[in-house]
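Q: Sharing a structure, written as structure tokens. Questions coming.
The values are calculated or read from the model by the stated rules, or taken from the named source; none is laboratory data. Please read all numbers here as calculations on a predicted model, not as lab measurements. With ideal geometry, Cβ positions are generated from the backbone for all residues, glycine too; neighbour counts draw on all protein chains shown.
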Amino acid sequence: MPKPTKGPRLGGSPTHQRIILANLATQLFEHGRITTTETRAKRVQALAEKLITKAKRGDLHSRRLVMQTVTDPTVVYVLFSQIGPAMAARDGGYTRITKVGNRKGDNAPMAIIELVTEEVSPKEKKTKSAKAETKTEAEKAEASTAEAAEVAEETAAAEPAEEAAEESEAADKAEDKAEAEEAVEEK
């Protein structure tokens, strides 16, 4: 939901503000993107999204309600024939505001408001059973890593023992050979 507006009206009077926002919305639908001040972009965003929602309905009553705000019939046609069906998969968030810095003359903060044209990629909803499966998978992964660590420790402990046994056997064989050679020399 958009924030309630605070401060002075755009243009001074309520009528002038309504006309300014209607013209901004018309230009947004005609060009797809407009550069304006941040305040005007934030104020026109709510109006544009309401008009797009009416265009998604596509019936005659909605068309007549939009014609009260957007008086250009070609823009209304574009809104109902192209923009509305393109936004059919979206539940909201039809526009995007991007801040672009300050205007050179009066240092007013500027923004670009544009129609969002990317496709909606719905997120997968996790159910309770999916969460339980995720937990069991995590537990299985922990168990497998624990088993792998135990096996690694056992092999690491077994290797020095095997090396020590091999070294002692090699030393015993060397002593036996030396004794056998001495015995042969004595004879």
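Each row is one residue, and each column tells you yes or no for (1) in contact with a strand residue (DSSP E or B) (Cβ under 9 Å, 6 or more places away or on another chain); (2) touching a residue at least 24 places away in the same chain (Cβ under 8 Å); (3) assigned to a strand (DSSP E or B); (4) not hydroxyl-bearing (Ser, Thr, Tyr).
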| residue | (1), (2), (3), (4) |
| --- | --- |
| 11 | no, no, no, yes |
| 18 | no, no, no, yes |
| 23 | no, no, no, yes |
| 27 | yes, no, no, yes |
| 30 | no, yes, no, yes |
| 39 | yes, yes, no, no |
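Q: So which of 82, 45 is under 26 Å from residue 6 (Cα atoms) and of a type outside the set (Ser, Thr, Tyr)?
A: 45
Q: For the range 11-24, state whether one or more residues are small (Gly, Ala, Ser) and in contact with an Asp or Glu (Cβ under 8 Å, 6 or more places away or on another chain).
A: Looking for residues that are small (Gly, Ala, Ser) and in contact with an Asp or Glu (Cβ under 8 Å, 6 or more places away or on another chain), one finds none in the range 11-24, hence no.
Q: Which one of the conditions (1) closer than 24 Å to residue 37 by Cβ; (2) hydrophobic (A, V, I, L, M, F, W, C); (3) outside any helix (DSSP H, G or I) does residue 89 fail to meet, given that it meets all the rest?
A: (1)
Q: Go through the range 67-86 and report how many residues are farther than 17 Å from residue 32 by Cβ and assigned to a helix (DSSP H, G or I).
A: Of the residues in the range 67-86, 4 are farther than 17 Å from residue 32 by Cβ and assigned to a helix (DSSP H, G or I).
Q: Right, another one. Which of (1) under 22 Å from the mean Cα position of the chain (by Cα); (2) of a type in the set (A, V, I, L, M); (3) closer than 24 Å to residue 15 by Cα is the odd one out, the single condition residue 46 does not satisfy?
A: Failed condition: (1).
Q: Tell me the residue from 96, 90 that is at pLDDT below 90, assigned by TED's automatic domain parsing to the domain that holds residue 48 and within 28 Å of the chain's Cα centre (by Cα), please.
A: It is 90.
Q: Follow-up. Please determine whether any residue of the range 119-128 is over 30 Å from residue 53 (Cβ atoms), modelled with pLDDT of 70 or more and over 21 Å from the mean Cα position of the chain (by Cα).
A: For the range 119-128, residues over 30 Å from residue 53 (Cβ atoms), modelled with pLDDT of 70 or more and over 21 Å from the mean Cα position of the chain (by Cα): absent.
Q: On to the next question. Determine the pairs where a residue that is assigned by TED's automatic domain parsing to the domain that holds residue 87 and closer than 19 Å to residue 18 by Cβ, located within the range 51-63, has a partner that is among the polar types (S, T, N, Q) and part of a helix (DSSP H, G or I) with Cβ atoms under 9 Å apart, the partner being 6 or more residues away or on another chain.
A: 51/69; 53/62; 54/62
Q: Can you tell me which residue within the range 92-118, out of those that are in a loop (DSSP other than H, G, I, E, B) and of a type in the set (S, T, N, Q), is nearest to residue 51 (Cα to Cα)?
A: Top of the filtered list is 117.
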